[in-house]
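*Asks:* Got a structure for you, questions after.
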Amino acid sequence: MNQTLLIAFPKGRLGDELVPLLAGTPLALDAAALKSRVLRIPTATPGVAALLLKGADLPRYVAAGVASLGIVGSDTLDEMDMDLLELADLGFGACRLSLCAKAGVSLDDLRAKPHLRLATKFPKATEAWLAHEELTAELVPLSSSAELAPLLGLADAIVDLVQTGGTLKAHGLVETAILGRSSARLVAARGAYLSEPGRIRPLAEMLLGALKAKP
Amino acid sequence: MAVRTPHFPDLLFNSAARLRRWEGALMGLLADHGYRELHPSLVLRETPPEGALRFFDGDELVALRWDFTVALAGLLTRTFPAPPDRVAYAGAVFRRPVQPWEAVERFEVGCERIQPEGEPAAEADVELARLLMAVPGLLGLKSAILHLGNAALVRRPLEAEGLFGELADAVVAALSRRAPHRVREALDGHPSAVRLTTHAEALLSELDGPGTLSALAASPYAALLEEERNHMDRALKALLPILPPNLELRVDLADVAGLGFYTGPTLRLWAPGAQQELAAGGRYDRLFPGLGRPWQAAGFCVRLSRLLDLAATRPDLFEEPR
């Protein structure tokens with residue numbers, strides 16, 4: 001059975017950086033399909049197609065072997081802890097996972113709070129940091145627009161990804177601590193990679209080559 | 001990952017018949033090679049471990065057999081002053097699933113080769129690999145891949161560097177992900193960082209036939225691991241001439257699955273396109289000494305539940321049953 005090989009590409013911030021990097025390479029995404037609402041996009045290589053997925057869903061598609069390869073942020077990987085192979089740090093999409101609070105609020109101010117509330121999409125990384133710092137806090141789980149939480153009193157601070165800091169600045173927030181760093185990673189389905197390395201490794205090398213060819 | 005709804009699949013007609021046929025064929029193979037069947041009780045006698053399926057019978061906490069190797073070890077140490085040298089088992093184990101698609105009840109067939117501590121073990125390792133090589137043909141798999149690894153390739157350098165606990169776990173997790181960059185991240189600032197990262201890169205550089213062993217030459221621990229390399233080399237020389245058609249032999253230097261349990265050579269059976277390994281095993285010389293018996297052991301387990309799933313989802317990978 002010679003099935004089409006699927007690569008899972010992220011939508012959103014990472015996808016916006018990735019798609020131009022692939023233009024003109026053997027894994028360039030079909031422009032007409034990209035403009036449509038289709039989520040399975042042919043590439044310039046016959047027999048290889050891309051799935052466009054939300055970052056939080058992407059690791060599941062790869063772990064289940066639906067997609068053989070994928071590109072996802074290391075922050076998502078660390079948060080989900082799926083059984084995946086992580087073949088390379090692709091370098092792009094670099095950002096920080098930071099504790100951010102309203103301007104004028106320091107880390108010591110947050111430490112001193114008897115009941116600290118932190119809003120985040122990253123509860124696992126936040127809990128690990130709190131344990132390391134010997135702090136306790138109430139975690140407020142959010143799935144988007146975390147910047148609003150300190151402004152509207154939902155939380156004292158947030159733990160979120162910061163790339164340029166522009167969104168933070170626009171909301172009057174500042175970074176008070178860096179919890180970790182994130183970048184795009186090439187991931188592979190363990191089963192596909194170990195049982196069919198002759199099919200999957202060349203595809204991984206093609207993808208790495210396509211991304212390296214760009215300045 | 002927490003799984004809220006355990007998966008208890010029933011086996012209907014064809015699957016039930018296939019399970020009975022496969023169990024019979026595999027147990028026949030093992031019996032032909034001197035492996036005698038033991039059937040440890042379905043109810044665990046030992047303290048219920050975390051991963052077992054536990055429930056209350058009145059006021060008493062009960063757990064079902066969750067792992068044959070552990071259950072057999074209990075039975076053997078309770079029953080025999082000197083162990084039988086070859087034992088086999090077949091049946092179900094019950095384990096809490098880690099991934100949502102895993103069933104709670106899992107059917108397995110396996111075997112164990114047990115020797116007094118200190119006896120040469122290389123021949124036993126090759127014997128088990130030869131037996132596992134016969135399994136794909138018996139199950140009707142059109143093609144399969146046998147991965148040979150060795151847990152000592154990672155364990156010994158970590159021990160030599162005095163790396164234990166969380167840091168060692170982080171290195172093993174990175175190798176399990178086949179991510180040398182994660183090894184570098186985990187060891188940032190540690191005196192062994194460069195050596196262990198170079199070692200990880202060497203282990204991960206190839207996943208191929210016997211030539212893969214030469215990648216060990218690039219490791220800073222090449223001299224430390226000479227005995228393991230020679231052992232793998234001898235095993236390959238014994239196995240390659242008798243390799244059945246449609247079975248490929250690959251060397252996976254970075255096999256770290258079960259590193260806390262395995263102490264030496266490891267075996268993993270795959271089918272092209274399968275998402276999970278179909279059989280796994282290796283040498284685990286610390287199990288019996290940990291139970292107070294000076295015995296060394298190796299074995300493998302064929303995961304029949306995974307094979308049944310594969311036969312249902314990818315029938316093209318199997319020959320038509322005769």
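The values are calculated or read from the model by the stated rules, or taken from the named source; none is laboratory data. It should be emphasised that the depicted structure is a prediction, and the values quoted were computed from it without experimental measurement. All Cβ positions, glycine included, derive from the backbone under ideal geometry; neighbour counts span all protein chains shown. Areas reflect the complete protein model, heavy atoms only, side chains present, ligands, DNA and RNA absent. Shrake-Rupley method; radii C 1.70, N 1.55, O 1.52, S 1.80 Å.
*Asks:* Test B:LEU224 against the stated conditions and say whether it is surrounded by fewer than 21 Cβ atoms within 10 Å (Cβ to Cβ) and in a loop (DSSP other than H, G, I, E, B).
*Replies:* yes
*Asks:* Now for a different question. If a residue counts only when it is over 30 Å from A:TYR61 (Cα atoms) and of a type outside the set (A, V, I, L, M), which strands (runs of 3 or more DSSP E) contained entirely in the stretch B:1-105 have at least 3 such residues?
*Replies:* On the way: elements: B:54-57, B:60-63, B:86-94.
By residue number, B:54-57, B:86-94.
*Asks:* Another question, if that's okay. Taking the stretch A:134-156 on its own, how many of its residues are farther than 21 Å from A:GLY104 by Cα and of a type in the set (Asp, Glu)?
*Replies:* 2
*Asks:* In the stretch A:40-66, what residues are touching a residue at least 40 places away in the same chain (Cβ under 8 Å), more than 12 Å from chain B (Cβ to nearest Cβ), touching a helix residue (DSSP H, G or I) at 6+ places or on another chain (Cβ under 7 Å) and small (Gly, Ala, Ser)?
*Replies:* Matches in the stretch A:40-66: A:GLY55 only.
*Asks:* Residues of the stretch A:177-215 being within 13 Å of chain B (Cβ to nearest Cβ) and over 29 Å from B:ALA274 (Cα atoms), which ones?
*Replies:* Correct list: A:GLY180, A:ARG181, A:SER182, A:SER183.
*Asks:* Next question. Across the stretch A:167-205, which residue is surrounded by the fewest Cβ atoms within 10 Å (Cβ to Cβ) among those that are of a type in the set (A, V, I, L, M) and farther than 22 Å from A:LEU77 by Cβ? Outline the logic, then answer.
*Replies:* To start, the set of residues in the stretch A:167-205 that are of a type in the set (A, V, I, L, M) comprises A:168, A:170, A:173-174, A:177-179, A:184, A:186-189, A:192, A:194, A:200, A:203-204.
Now restrict to residues that are farther than 22 Å from A:LEU77 by Cβ: A:168, A:170, A:173-174.
Values: A:LEU168: 20, A:ALA170: 9, A:LEU173: 25, A:VAL174: 16.
The selected residue is A:ALA170.
*Asks:* Only residues that are crowded, with 18+ Cβ neighbours inside 10 Å and in contact with a helix residue (DSSP H, G or I) (Cβ under 8 Å, 6 or more places away or on another chain): list them for the stretch A:96-108, please.
*Replies:* A:LEU97, A:LEU99, A:CYS100, A:ALA101
*Asks:* OK, next. Here's a check for you: in the stretch B:175-193, which residue that is under 20 Å from A:GLY91 (Cα atoms) and assigned to a helix (DSSP H, G or I) is nearest to the other protein chains (Cβ to nearest Cβ)?
*Replies:* The residue in question is B:HIS181.
*Asks:* Within the stretch B:202-213, is even one residue of a type in the set (S, T, N, Q) and touching a strand residue (DSSP E or B) at 6+ places or on another chain (Cβ under 8 Å)? Before the answer, list the steps.
*Replies:* Going through the stretch B:202-213, the residues of a type in the set (S, T, N, Q) turn out to be B:205, B:212.
Restricting the remaining residues to those that are touching a strand residue (DSSP E or B) at 6+ places or on another chain (Cβ under 8 Å) gives B:212.
Yes, because at least one residue in the stretch B:202-213 is of a type in the set (S, T, N, Q) and touching a strand residue (DSSP E or B) at 6+ places or on another chain (Cβ under 8 Å).
*Asks:* Something else now. Which residue is nearest to the other protein chains (Cβ to nearest Cβ), if the candidates are limited to the stretch B:241-250 and must be assigned to a loop (DSSP other than H, G, I, E, B) and in contact (Cβ under 8 Å) with a residue 60 or more places away in the chain?
*Replies:* So, considering only residues that are assigned to a loop (DSSP other than H, G, I, E, B) and in contact (Cβ under 8 Å) with a residue 60 or more places away in the chain, the one nearest to the other protein chains (Cβ to nearest Cβ) is B:ASN246.
*Asks:* How about the stretch B:272-293: which of its residues are within 14 Å of another protein chain (Cβ to nearest Cβ) and open to solvent by less than 50 Å² (accessible area, probe 1.4 Å)?
*Replies:* Hits for the stretch B:272-293 are B:PRO272, B:GLY273, B:ALA274, B:GLU277, B:LEU278, B:ALA279, B:ALA280.
*Asks:* Could I ask something else about it? Could we say that B:SER205 is open to solvent by 30 Å² or more (accessible area, probe 1.4 Å), within 30 Å of B:PHE318 (Cβ to Cβ) and within 14 Å of chain A (Cβ to nearest Cβ) here?
*Replies:* Answer is no for this residue.
*Asks:* Could I ask something else about it? Name the residue that is nearest to B:LEU304 (Cα to Cα), counting only residues in the stretch B:27-54 that are open to solvent by 90 Å² or more (accessible area, probe 1.4 Å) and modelled with pLDDT under 90.
*Replies:* Here the answer is B:GLU50.
*Asks:* From B:ARG86, B:ARG95, B:ARG106, B:ARG20, grab the single residue that is farther than 23 Å from A:MET82 by Cα and touching a strand residue (DSSP E or B) at 6+ places or on another chain (Cβ under 8 Å).
*Replies:* Only one candidate passes the filter, namely B:ARG86.
*Asks:* Only one residue in A:THR43, A:THR4 is surrounded by fewer than 19 Cβ atoms within 10 Å (Cβ to Cβ) and of a type in the set (Val, Ile, Thr), so which one is that?
*Replies:* A:THR4
*Asks:* Could you say whether any residue in the stretch B:105-112 is over 16 Å from the mean Cα position of the chain (by Cα) and within 27 Å of B:LEU29 (Cα to Cα)? It would help to see each step written out before you state the result.
*Replies:* Taking the stretch B:105-112 first, the residues over 16 Å from the mean Cα position of the chain (by Cα) are B:105.
Of the ones still in play, those that are also within 27 Å of B:LEU29 (Cα to Cα) are B:105.
Yes, because at least one residue in the stretch B:105-112 is over 16 Å from the mean Cα position of the chain (by Cα) and within 27 Å of B:LEU29 (Cα to Cα).
*Asks:* Which one is nearest to A:SER74 (Cα to Cα), of the residues in the stretch B:137-170 that are within 14 Å of chain A (Cβ to nearest Cβ) and assigned to a helix (DSSP H, G or I)?
*Replies:* B:ALA170
*Asks:* Looking at (1) assigned to a helix (DSSP H, G or I); (2) free of Cβ contacts under 8 Å to residues at least 40 places away in the same chain, can you tell me which one B:GLN276 breaks?
*Replies:* So the condition that B:GLN276 fails would be (1).
*Asks:* Of everything in the stretch B:142-168 that's of a type in the set (D, E, K, R) and either modelled with pLDDT under 95 or more than 22 Å from B:ALA274 (Cβ to Cβ) (or both), which residue is most open to solvent (accessible area, probe 1.4 Å)? If you could, list the steps in order and put the result at the bottom.
*Replies:* Looking only at the stretch B:142-168, we keep the residues that are of a type in the set (D, E, K, R), and these are B:142, B:155-156, B:159, B:161, B:166.
Narrowing further to those that are either modelled with pLDDT under 95 or more than 22 Å from B:ALA274 (Cβ to Cβ) (or both): B:155-156, B:159, B:161, B:166.
Numbers: B:ARG155: 33, B:ARG156: 76, B:GLU159: 76, B:GLU161: 43, B:GLU166: 160 Å².
By that ranking, first place goes to B:GLU166.
*Asks:* Another one. Considering only residues of the stretch B:73-123 that are hydrophobic (A, V, I, L, M, F, W, C) and loosely packed, with under 14 Cβ neighbours inside 10 Å, which is modelled with the lowest pLDDT?
*Replies:* Pass one, the stretch B:73-123, residues hydrophobic (A, V, I, L, M, F, W, C): B:73, B:75-76, B:80, B:82, B:87-88, B:90, B:92-94, B:98, B:101, B:103-104, B:107, B:109, B:111, B:114, B:121-122.
Then drop every residue that is not loosely packed, with under 14 Cβ neighbours inside 10 Å, which leaves B:80, B:82, B:98, B:101.
On the way: B:PHE80: 95, B:ALA82: 93, B:VAL98: 72, B:TRP101: 69.
If we take residues in the stretch B:73-123 being hydrophobic (A, V, I, L, M, F, W, C) and loosely packed, with under 14 Cβ neighbours inside 10 Å, then B:TRP101 is modelled with the lowest pLDDT.
*Asks:* Shifting gears a bit: Would you point out which residue out of B:LEU269, B:LEU253 is more than 12 Å from every other protein chain (Cβ to nearest Cβ), open to solvent by less than 20 Å² (accessible area, probe 1.4 Å) and not in a helix (DSSP H, G or I)?
*Replies:* B:LEU253
*Asks:* Residues in the stretch A:67-110 that are away from chain B (no Cβ under 12 Å) and of a type in the set (D, E, K, R): how many?
*Replies:* So the answer is 5.
*Asks:* I'm checking my understanding of the structure. Among residues of the stretch B:256-266 that are within 14 Å of chain A (Cβ to nearest Cβ) and under 14 Å from B:LEU203 (Cβ atoms), which one is most open to solvent (accessible area, probe 1.4 Å)?
*Replies:* Checked the stretch B:256-266; the qualifying residue most open to solvent (accessible area, probe 1.4 Å) is B:ALA257.
*Asks:* Could you look through the stretch B:236-271, keep only residues that are under 11 Å from the mean Cα position of the chain (by Cα) and among the charged types (D, E, K, R), and pick out the one that is farthest from B:GLY282 (Cα to Cα)?
*Replies:* So the residue we want is B:ASP255.
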